1. When residues of region 4-20 are filtered for being in contact (Cβ under 8 Å) with a residue 12 or more places away in the chain and of a type outside the set (A, V, I, L, M, F, W, C), how many remain?
2. Those residues that are surrounded by 13 or more Cβ atoms within 10 Å (Cβ to Cβ) and assigned to a helix (DSSP H, G or I), I need them from region 123-135; list them, please.
3. Test Leu72 against the stated conditions and say whether it is outside any helix (DSSP H, G or I) and in contact with a helix residue (DSSP H, G or I) (Cβ under 7 Å, 6 or more places away or on another chain).
4. Suppose we filter Ala143, Ala105, Ala115 for residues that are within 17 Å of the chain's Cα centre (by Cα), farther than 17 Å from Ile49 by Cβ and not polar (S, T, N, Q); which single one remains?
5. Could you list all residues from region 40-67 that are hydrophobic (A, V, I, L, M, F, W, C), more than 17 Å from Leu141 (Cα to Cα) and touching a residue at least 24 places away in the same chain (Cβ under 8 Å)?
6. Tell me, which residue of region 32-73 that is among the charged types (D, E, K, R) and at pLDDT 90 or above is farthest from Glu99 (Cα to Cα)?
7. Touching a residue at least 12 places away in the same chain (Cβ under 8 Å), surrounded by fewer than 16 Cβ atoms within 10 Å (Cβ to Cβ) and in a helix (DSSP H, G or I) - does that describe any residue in region 108-122?
8. For region 74-88, indicate whether the set of residues that are farther than 21 Å from Val39 by Cβ, out of contact with any Ser or Thr (no Cβ under 7 Å at 6 or more places or on another chain) and of a type in the set (A, V, I, L, M, F, W, C) is non-empty.
Amino acid sequence: MALTIYAKNQVARAMLHRGYNFLGAAVLLEQNGGYQYVVLHLICQSLEIILKALLLLKNYDKYLPLLPTRRLRHDLVELATIVSSEYSLRVLRSPLREELSNLNALYKPHFLRYADFRDIIPPKDIHYTRVLYRILACQRLVARQLRQ
């Protein structure tokens, strides 16, 4: 079914809203003592969906076929790089890029989703505050752009 420009925009906005809800679930779980690996997974899933939604908002027809490809599937670093380029944003600085890369190394191969030997690493030793603050800043920026 062919979508109108308006419908494509609405799909991208719905995806963006879904990403924000995953982030909200992560925050609620964190506040209520949830298992930290699940919190990390939800934060990463939120970021993946938000970044993909931003690509759809920029050029739905170009990016929709690319989203499920091996190159972009669950790769937070690659998605962030493409979004930065598409929106003419600065390249991620080293501390943020390192934190995102560390999360990506756990998220992309689903290590945050399923239990294995990594569960002996205290999840509090996995840093995510820079990524979380960047998502929140992105949320404010996008909301401002969508209102215009």
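1. 6
2. Going through region 123-135, the residues surrounded by 13 or more Cβ atoms within 10 Å (Cβ to Cβ) turn out to be 123, 126-128, 130-132, 134-135.
If the condition is that a residue be surrounded by 13 or more Cβ atoms within 10 Å (Cβ to Cβ) and assigned to a helix (DSSP H, G or I), then Pro123, Arg130, Val131, Leu132, Arg134, Ile135 are the ones that fit.
3. Numbers: outside any helix (DSSP H, G or I): yes; in contact with a helix residue (DSSP H, G or I) (Cβ under 7 Å, 6 or more places away or on another chain): yes.
Yes.
4. Working: Ala143 fails: farther than 17 Å from Ile49 by Cβ; Ala115 fails: within 17 Å of the chain's Cα centre (by Cα).
Going through Ala143, Ala105, Ala115 in turn, the sole match is Ala105.
5. In the first step, residues of region 40-67 are kept if they are hydrophobic (A, V, I, L, M, F, W, C); the result is 40, 42-44, 47, 49-51, 53-57, 64, 66-67.
From the residues that got through so far, the ones that are more than 17 Å from Leu141 (Cα to Cα) too are 40, 42-44, 64, 66-67.
Result: Leu40, Ile43, Cys44.
6. Looking at the filtered set, the residue picked out is Asp61.
7. Yes, the conditions are met somewhere in region 108-122.
8. Applying the first criterion (farther than 21 Å from Val39 by Cβ) to region 74-88 yields 78, 81-88.
Adding the requirement that they be out of contact with any Ser or Thr (no Cβ under 7 Å at 6 or more places or on another chain) leaves 78, 81-88.
With the extra rule that they be of a type in the set (A, V, I, L, M, F, W, C), the set shrinks to 82-83.
Within region 74-88, one or more residues are farther than 21 Å from Val39 by Cβ, out of contact with any Ser or Thr (no Cβ under 7 Å at 6 or more places or on another chain) and of a type in the set (A, V, I, L, M, F, W, C).
The values are calculated or read from the model by the stated rules, or taken from the named source; none is laboratory data. On a predicted model such as this, the values are computed, not experimentally measured, just so you know. Neighbour counts run over all protein chains shown; Cβ positions are idealised from the backbone, glycine included.
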